[in-house]
Each structure stands twice: as C-alpha cells, then as structure tokens.
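Structure first, then comments.
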Amino acid sequence: MSIFDFLKGEFIDVIHWTDDTSDTLVWRFERHSHAIKYGAKLTVREGQAAVFVHEGQLADVFTPGLYMLETNNMPILTTLQHWDHGFQSPFKSEIYFVNTTRFQDLKWGTKNPIMCRDPEFGPVRIRAFGTYTIRVTDPGLFLKEIVGTDGEFTTDEISYQIRNIIVAKFSQAIAASGIPVLDMAANTTELGKLIAAKVSPQLAEYGISMPAFFIENISLPEAVEKAMDKRTSMGIVGDLGQYTHFSAAEAMTEAASNPAGGGMAAGLGAGMGMAMAGNMMGASGPWGQAPQAAAPPPPPPVEKVWHTATNGQTSGPFSRADLGKMAAEGTLTRETHVWTPGIDGWTHAGEIDELAQLFTVMPPPPPPAG
C-alpha cells in the first residue's frame, strides 16, 4: 500500500447520512477507527441533526446545512480539547445523526381494561386503542437520555415506553373527565387533545414531542355490550303485547302459505288465527282490544344527573333538586354552563326548559301582618 493510499483511508473528508428506512431515529456514523480530518465537510439534510460526542461527552449539535469542521463552528469540542486557532490535525469523535422528522401511525392500546366510574352504569371497565405521532425536538437531550451508545436506534425501542406513559395518562384523564361511557365516542377528539397535553411534558424530558394523538375506539366488555344490545332491542320492540300479536299473525300467514303442509298447514293456520283472535278479543273486550285488566303502572322516569362548568372547572353530578337549591342560593344562574347525557355540549342553564323553570319560580306572597 502506498503512503497516498494510507493517508486517503486514514482521513474522512465527507460526513453525511441518507436514510432509506421508515423507523430509524438515530444512526451513528461509522468511522472504523479512522480519524476525522480537520476541515472535513459535514452535510446535514433537512429533517436531520448531527450530534458530536467526544470521549463520552456531548459536544456540538449541528442543524441542517453544509459545514466545514473547524474550530469556529465546533465551539464545545474546541473547548473540550483546548484547541487553539492554529489547530490543523485530525481528531476522533463519534457522530450521531438524529432523524427529526415526524414518525406517524405509531400504535398504542390498553393491555388491560381500565376501571372508571360511569354516572349511568356505575363502575365499568373499558378498553381503548389508537395511533400517535412523535418527533425529536432536542437531539442532544434525546441522545443523552434515551439512546446512549446504541449505533442504530429505531422507534420499536422506545414505543413500548411511550405506550406505558400514554396508558397511564389515559387512565387518569378518563377517570377525571366525568364523561359518560356512551358519550365518549362523540368526544374522542377532545379526549385525544387532553391526553396529548398530559403526555407531552413527560416526553419533553426525553427531548421528544407528540404533535398528534388519536383515539380510534373505546369499547366496553363483551357482557356489558350484550346487555346494552338487549336494552336497545326492548326499546325498539316497544309494546310487548302488540309485538306478540304481530309475531302470531306472521306465523299464521307463513303456515297457511306453505304448500308442503297441505290441510295440516291450513288447519294449523286456522287454529293460530282463532287463538290470536281470542287473545285480541280478551274476556269481554271488542275486536282488537286487550282484556280490560288493570294496566301496570309505567316505570318511574330516569333521574337525570347534571354537571356544571365554572371558570374552566367542572363539578357534579347534581340532581335537579340540587340545582334548585343552587339557583336559590345564587351559585347557579341562567349563564352557568351545564351538561347532561343526551345534550350536545355545554349549554347555558337558562336555555334548557326544565332548568329555566328554576329561575322563574317565585315564592307566594307573604301572609298578612298580625
């Protein structure tokens, strides 16, 4: 090997990184024990940062641009090495390229159900999942706190830790929100912003930010969903007696029109028709009316629970009687924001009919003196 070839392999003149992956956060420039030539060219592309580590100490951080590695643009490394302005020799330093672009569509989800208290159903367990976006905002801090000496650091190496932070903050946010489970699907955007705001300060300690956070689904346990489906079906059926008559008429029509049944099908249809007619006639009632029996009383109305919002703070739940006392004491006014399941967002109390009455009820005139 000639001296020229030796010198050419000994010194590195151009330092850069082109990334063809979609998950690499940090890549260490491989020197292979070669020194970096003083005055070498450093190319940092858009969406990158270059961090110099000298003898285990964090040195200079370079943002996008083209640099000549000299003492005037490496102030920290110059100070660490006690270089003077006449320094011209090669030096050894580790160079880490940090990807500062957004890493999107990263997955998160609750490994175990989260317990929360719902104003309508009581204690319930819910699961949730979605996606989030991260980016490195402080390359030096990120390298020091997370990467260490890893030569190639990917999103998989940090996503598990971020998911744990998200789930912890999600549990806290859901427990403190007071939003009923049935209304969470309509408030996923607001919940996402709330959780991102809670997660961001902790991620900032690692030099990371979370530009976007999305909740794709919030679900209840399977047994609870089946119970809700039954409740919904009962609401659709409505009058159970009329539904029974309709089902009997459908069965009679199907039996009578079945050609394979012959006379038996006709007799069955006639028998079912007579049975249905007897049920509809009742003991003494006219055709189409139910027996004149005492109808059971309707179920009592469901008591609504209300939440109030004042100066950015929510309170509740309150019953209507509680709101009446608050209106009498003056702590509840027509301009107070209130919310209950079934209404779209926070509304002034004076704009809701059943609450507006609280402000119009006047006491009777006082008794005569004496």
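The values are calculated or read from the model by the stated rules, or taken from the named source; none is laboratory data. Note that the coordinates shown come from a computational prediction; the quantities given were computed from them, not determined experimentally. Cβ: placed from backbone, ideal geometry, glycine included. Neighbour counts: every protein chain shown.
Tabulated values for the structure
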| read-out | value |
| --- | --- |
| Residue within the range 83-91 that is modelled with pLDDT of 80 or more and among the charged types (D, E, K, R) present | no |
| Entirely in the range 299-357, the strands (runs of 3 or more DSSP E) that have 1 or more residues that are touching a His at 6+ places or on another chain (Cβ under 7 Å), touching a residue at least 40 places away in the same chain (Cβ under 8 Å) and not polar (S, T, N, Q) | 313-318 |
| Helices (runs of 4 or more DSSP H) enclosed by the range 145-220 - at least 2 residues per element that are over 27 Å from residue 309 (Cβ atoms) | 156-177, 188-204 |
| All positions within the range 160-188 that are surrounded by fewer than 16 Cβ atoms within 10 Å (Cβ to Cβ) and among the aliphatic types (A, V, I, L, M) | 168, 175, 176, 182, 185, 186 |
| Condition met for residue 233 (at pLDDT below 85 and either outside the structural domain of residue 163 (by TED's automatic domain parsing) or not in a helix (DSSP H, G or I) (or both)) | yes |
| Output for the range 6-41, where each listed residue is modelled with pLDDT of 80 or more, surrounded by fewer than 17 Cβ atoms within 10 Å (Cβ to Cβ) and assigned to a loop (DSSP other than H, G, I, E, B) | 16, 18, 19, 20, 21, 22, 23 |
| Of all residues in the range 94-125 being part of a strand (DSSP E or B) and among the aromatic types (Phe, Trp, Tyr), the one that is surrounded by the fewest Cβ atoms within 10 Å (Cβ to Cβ) | 103 |
| Filtered residues of the range 126-143 (kept if among the basic types (Lys, Arg) and surrounded by 16 or more Cβ atoms within 10 Å (Cβ to Cβ)) | 135 |
| Failed condition for residue 53, given (1) in contact (Cβ under 8 Å) with a residue 24 or more places away in the chain; (2) in contact with a Ser or Thr (Cβ under 9 Å, 6 or more places away or on another chain); (3) surrounded by fewer than 19 Cβ atoms within 10 Å (Cβ to Cβ) | (3) |
| Residue in the range 43-59 that is outside any loop (DSSP other than H, G, I, E, B) and among the basic types (Lys, Arg) present | no |
| Within the range 173-206, tally of residues that are closer than 16 Å to residue 134 by Cβ and in contact with a Pro (Cβ under 7 Å, 6 or more places away or on another chain) | 0 |
| Residue match in the range 65-83 (condition: part of a strand (DSSP E or B) and either in contact with a Leu (Cβ under 6 Å, 6 or more places away or on another chain) or buried (at least 18 other Cβ atoms within 10 Å of the Cβ) (or both)) | yes |
| Near pairs, Cβ below 7 angstrom, 6+ apart or cross-chain, from the range 111-128 (without any contact (Cβ under 8 Å) to a residue 12 or more places away in the chain) to any residue that is of a type in the set (Gly, Ala, Ser) and assigned to a strand (DSSP E or B) | none |
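So that you can scan it fast, the table gives a plain yes or no per residue for (1) assigned by TED's automatic domain parsing to the domain that holds residue 190; (2) modelled with pLDDT of 80 or more; (3) hydroxyl-bearing (Ser, Thr, Tyr); (4) more than 18 Å from residue 190 (Cβ to Cβ):
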{"position": "310", "(1), (2), (3), (4)": "no, yes, yes, yes"}
{"position": "323", "(1), (2), (3), (4)": "no, yes, no, yes"}
{"position": "327", "(1), (2), (3), (4)": "no, yes, no, yes"}
{"position": "337", "(1), (2), (3), (4)": "no, yes, no, no"}
{"position": "343", "(1), (2), (3), (4)": "no, yes, no, no"}
{"position": "348", "(1), (2), (3), (4)": "no, yes, no, yes"}
{"position": "351", "(1), (2), (3), (4)": "no, yes, no, yes"}
